[in-house]
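Any read-out appearing in this document is the output of simple, stated calculations on the displayed coordinates, not a laboratory observation. What you see is a predicted model; the values in this text were computed from it and never measured. Note: ideal-geometry Cβ built from the backbone for every residue, glycine included; neighbour counts use all protein chains shown.
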């Protein structure tokens, strides 16, 4: 019979095997840590700062990450913007960046902490440069999901490294025109965004150094990786781990 200590050690080992270690990208000011959370949610840690992108699902998924210094919200839909989650996780010192459409839906206490950013605009907060990039649908059958100008993708610069988070979008010209992207988080799932073929075709055009498929529920990420080929390093992570 195993002792209590042996059981605890076995559980700890199982957790260390199943938990996803943070990916790291070297920057001029230390490593950028990348923590997949769920679906369209990701946490970045860099230079003593913690950045949440599209935090939803209550406080539980974020307990190990602490209070964010910076929060970016891409769009109004519930898998990107949840006012109750935001209200619970932000502090008086948290900077929140969001499009005007999100701010319009936020309760007053949260709204006063939001800095709105429109497509094409740039701001710097806490040493992170943040550029709002358009995100929208092109296919006629999908236009009702994401219209141009409402939501934001973001390009963040951490110590000289440029990181693109697509938000919900198809393979729009603005994505294809991106330059010098060190890491890209690219969505794909139907009927809301795009197919693996669309995503891979765009990636092959703007050629980020590293690309993470995310927001991919129901999509074939192995197919995406194969289609991208040697244009970028594709890193597959499990965004739907239970």
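Data for the structure
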quantity: Counting DSSP beta bridges with both ends in the chain, the antiparallel % (nearest 5); calculated: 60 percent
quantity: Footprinting exposure proxy for 86, 190 (fewest neighbouring C-beta atoms within 10 Å first); calculated: 190, 86
quantity: Order by protection proxy (mean Cβ within 10 Å, highest first), peptides 201-212, 221-232; calculated: 201-212, 221-232
quantity: Antiparallel %, DSSP beta bridges [both residues in the stretch 59-200], to 5; calculated: 65 percent
quantity: Candidates 91, 166, 64: whichever shows maximal mean-square fluctuation once the chain is modelled as a Gaussian network with Cα springs under 10 Å; calculated: 64
quantity: Relative contact order of the chain, defined on C-alpha pairs under 8 angstrom at six or more residues apart (%); calculated: 13 percent
quantity: P(r) weight above 17 Å for the stretch 128-242, C-alpha pairs, percent; calculated: 50 percent
quantity: Fraction of alpha-carbon pairs over 22 Å apart in the stretch 21-234 - percent; calculated: 46 percent
quantity: Gyration tensor (Cα) of the stretch 95-194, equivalent ellipsoid semi-axes in angstrom; calculated: 22, 20, 10
quantity: Relative exposure of 170, 131, 88, judged by other C-beta atoms within 10 Å (fewest first); calculated: 88, 131, 170
quantity: Shape box of the stretch 19-135 [Cα atoms, principal axes, largest first, Å]; calculated: 36, 31, 28
